[in-house]
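Some notes on the structure that comes next.
The values are calculated or read from the model by the stated rules, or taken from the named source; none is laboratory data. All figures in this text were calculated on a predicted structure; none of them were measured in a lab. Using ideal geometry, Cβ is built from the backbone for each residue, glycine included, and neighbour counts are taken over all protein chains shown.
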Amino acid sequence: MTIRWRVRPALPALKLTGAVLLVVLAALFATDAVAVAVASVAGAVLAVWGFRDLLAPERLAADPSGLTVLTGFAGRRHIPWSAVEKISVDRRGHAGIRSETLEIDAGDSLHLFTKNDLGAPVEEVAEALEGVRA
């Protein structure tokens with residue numbers, strides 16, 4: 001049995017809409033070429049980020065043989081359970097904002113996932129991973 005976690009479908013749509021709005025607003029209201037160029041570059045980066053979510057929405061999968069994680073732009077890497085050294089949730093707070101990150105330490109690599117990457121609370125994902133691992 002394989003358990004999969006993926007980006008929520010609304011997230012890429014939000015990123016792509018933001019990219020278009022950024023470029024349109026800059027074209028309509030910017031007063032100089034530098035502002036239009038900066039907004040265009042920021043819009044392009046946001047669009048690429050949104051397209052990545054469309055091309056590779058699945059960020060993490062777990063089965064009895066190990067984990068499959070997203071690497072690079074849209075690549076996949078299988079990590080056997082024997083290579084997974086630690087699965088933990090890192091909680092940080094700053095200026096009233098709290099963030100949680102799922103950390104998967106595979107010895108030679110560290111994989112970080114947020115709630116937005118997984119479409120689920122990271123604590124629940126960590127518990128599910130430990131359940132599959134056992």
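Below is a table of values for the structure above.
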read-out	value
The range 83-134, residues that are under 13 Å from A62 (Cα atoms) and part of a helix (DSSP H, G or I)	L118, V125, A126, E127, A128, L129, E130, G131, V132, R133
Residue among L25, L70, L110 that is surrounded by fewer than 18 Cβ atoms within 10 Å (Cβ to Cβ), of a type in the set (A, V, I, L, M, F, W, C) and within 24 Å of A13 (Cβ to Cβ)	L25
Qualifying residues in the range 91-102 (those that are of a type in the set (A, V, I, L, M, F, W, C) and more than 15 Å from the chain's Cα centre (by Cα)) - the one surrounded by the most Cβ atoms within 10 Å (Cβ to Cβ)	I97
Hey, S88 surrounded by 15 or more Cβ atoms within 10 Å (Cβ to Cβ), polar (S, T, N, Q) and either out of contact with any Lys or Arg (no Cβ under 9 Å at 6 or more places or on another chain) or more than 23 Å from A134 (Cα to Cα) (or both) or not	no
Among the candidates L46, L25, L70, residue that is within 14 Å of the chain's Cα centre (by Cα) and either modelled with pLDDT of 95 or more or in a helix (DSSP H, G or I) (or both)	L46
